[in-house]
Amino acid sequence: MRKIFVLDTNVLIHDPNCIKNFRGNDVVLPIYVIEEIDKLKRNQNTAIQARMAARTLDKIRERGSLFKGVPLENDVFFRVEIKNDLTKLPDMLRKDVVDNYILAAAMGIIEENPDRRVIIVTKDLNMRIKADSLDIEVEDYENDRVDYNELYDGFFTVEITSEQAGKYDKHGSIDFEDLEAPGLRPTPNAFFKLLCGKKTFTGRYERGKIRKFLLGDSSAWGLRARNDEQRFAMDLLLDDNVKVVTLVGGAGTGKTLLAVATGLEQVVERRKYKKLLIARPIIPMGKDIGYLPGDEKEKLRPWMQPIFDNIDFLSETKDDRAGEKVVEGLESMGILKIEPLTYIRGRSIPRGFIIIDEAQNLTPLEIKTIITRVGEDTKIVFTGDPQQIDNPYLDASTNGLVYMADRLRNQEIVGHVTLKKGERSKVADIAVQLL
């Protein structure tokens, strides 16, 4: 029997085209959701998604009456619900909260359809708790969900014989088919740890062969990799043929530092790219501190301070403002730009090296919006820790960083590495493992 799905606002903001994904079912949108979408068009963090959602609804409106309902592709029937009886809500729930309006609308739909399953779909954890408390069936929107625990690391570990080790050491490559790895299907640019007794050889998969790589041992802006995973990441970051790199790892694994170092190296020293652009989403951790005083740079400084810290570390000086001075110098030369992620939308960036830090706080749609900004001869790097998400509607398995790493893993120009070993300090490493 066809189910009835009642959508919350955040689902449309997360995926403006979500309606078509409820194949063979009815989709109902409480009219309050449309009011919320209209408000979110004026919020710089949700304006793009809100406008896309509004355009999607307007295209549906052109096909028929939203009040009566419109049949859509994938056997979806869509309509807007205007009826609502707030008296159905328990007295302890406020009557001036949009979430509660949606709950009341769903309760009315349940009464009108006693023989059908009515399910609220929301990305809001508290909304799911309240719905379940009212005995209303509720689900998360999981169409773009990727199990973070099953995300591939970007490298594989395989045991080889001494004969294979000798051949690999001598010729610098080995056919993948010669390995005893049944069921293993390497992706382009995947790395290998080849174990032979106490010896470990590393290589990168390219068109049926595992080859030794050289770029991973290079120095970038004075920085060298400290472990195998960092060597893998360095090799991808310095390879001109790899245009998209995703680096996932916990605090202190060096993902941002490696990206910044290789970006500075290739833009400033090697001049392979015209500009280094570093962007971060502006999402506070914990309670927001509100509006900040000063001009644009002063307002952005708290958000961009981690970038200054990384550049300061790379500058190898005792001057407390070294990172900021380097940034000011490179910005005055027009080759470095550090800005909030909001400003990257609508731009086309040719011959640039782009770093998107804290990408775990982005939705799959936002990741797509950003990656389509990439112009000719541009490289883009996404870094983030899916275990440290500040976006209230995302988790380790629904954020855009993990989604992109999984969806693009089979592309020749894409590389991914999960960094596991912390290099910041023993304290940070212990905290990541035990807390």
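The values are calculated or read from the model by the stated rules, or taken from the named source; none is laboratory data. Remember, it's a predicted structure, so these values are computed and weren't measured experimentally. A quick note on method: Cβ atoms are made from the backbone with ideal geometry, for glycine too, and the neighbour counts reach across all protein chains shown.
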Members of the range 242-256 found to be surrounded by fewer than 24 Cβ atoms within 10 Å (Cβ to Cβ), at pLDDT below 95 and under 24 Å from Ile335 (Cβ atoms), listed by number:
Thr256
Which pairs have Cβ atoms under 7 Å, sit 6 or more apart or on different chains, and link a residue in the range 243-270 that is over 20 Å from Asp228 (Cβ atoms) and in contact (Cβ under 8 Å) with a residue 24 or more places away in the chain to one that is among the basic types (Lys, Arg) and crowded, with 21+ Cβ neighbours inside 10 Å?
Lys243/Lys379
Is it the case that the range 14-26 has a residue that's at pLDDT 95 or above and on the phi > 0 side of the Ramachandran plot?
yes
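Which residues, taken from the range 128-173, are of a type in the set (A, V, I, L, M, F, W, C), under 18 Å from Pro392 (Cβ atoms) and buried (at least 16 other Cβ atoms within 10 Å of the Cβ)?
Of all residues in the range 128-173, those of a type in the set (A, V, I, L, M, F, W, C) come to 129, 131, 134, 136, 138, 146, 151, 155-156, 158, 160, 165.
Checking the rest, the ones that are also under 18 Å from Pro392 (Cβ atoms) come to 129, 131, 138.
Ala131, Val138, listed by residue number.
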Inspect the range 174-183 for any residue being surrounded by 14 or more Cβ atoms within 10 Å (Cβ to Cβ), free of Cβ contacts under 8 Å to residues at least 60 places away in the same chain, at negative phi and of a type in the set (D, E, K, R) and give the result as yes or no.
yes
Taking into account only those residues within the range 177-202 that are within 21 Å of Gly415 (Cα to Cα) and among the charged types (D, E, K, R), which is modelled with the lowest pLDDT?
Arg185
Search result, residues across the range 61-83 that are touching a residue at least 40 places away in the same chain (Cβ under 8 Å) and either surrounded by 19 or more Cβ atoms within 10 Å (Cβ to Cβ) or charged (D, E, K, R) (or both)
Glu73, Asp75, Val76, Phe78, Arg79, Val80, Glu81
Being closer than 27 Å to Val245 by Cα, surrounded by 18 or more Cβ atoms within 10 Å (Cβ to Cβ), touching a residue at least 12 places away in the same chain (Cβ under 8 Å) and in the same structural domain as Thr398 (by TED's automatic domain parsing) narrows Leu223, Leu194 down to just Leu223
Filter pass, Ile283 being within 30 Å of Pro16 (Cα to Cα), outside any helix (DSSP H, G or I) and at pLDDT 90 or above
no
Options Val414, Val432, Val402, Val381; residue that is closer than 21 Å to Gln230 by Cα and at pLDDT below 85
Val432
Run down Glu139, Glu229 and say which single residue is touching a Leu at 6+ places or on another chain (Cβ under 6 Å), at pLDDT 90 or above and of a type in the set (Asp, Glu).
Glu229
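Checking the structure you have, find out if any residue of the range 50-60 is in the same structural domain as Lys130 (by TED's automatic domain parsing), over 20 Å from Phe22 (Cβ atoms) and touching a residue at least 24 places away in the same chain (Cβ under 8 Å).
Yes, there is a match, as at least one residue in the range 50-60 is in the same structural domain as Lys130 (by TED's automatic domain parsing), over 20 Å from Phe22 (Cβ atoms) and touching a residue at least 24 places away in the same chain (Cβ under 8 Å).
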Would you please name the residue that is nearest to Glu137 (Cα to Cα), looking only at residues in the range 8-60 that are in contact with a Pro (Cβ under 8 Å, 6 or more places away or on another chain) and aliphatic (A, V, I, L, M)?
Ala53
Top-ranked residue in the range 84-102 [being within 17 Å of Leu12 (Cβ to Cβ), of a type outside the set (Phe, Trp, Tyr) and buried (at least 17 other Cβ atoms within 10 Å of the Cβ); ranked as modelled with the highest pLDDT]:
Ile102
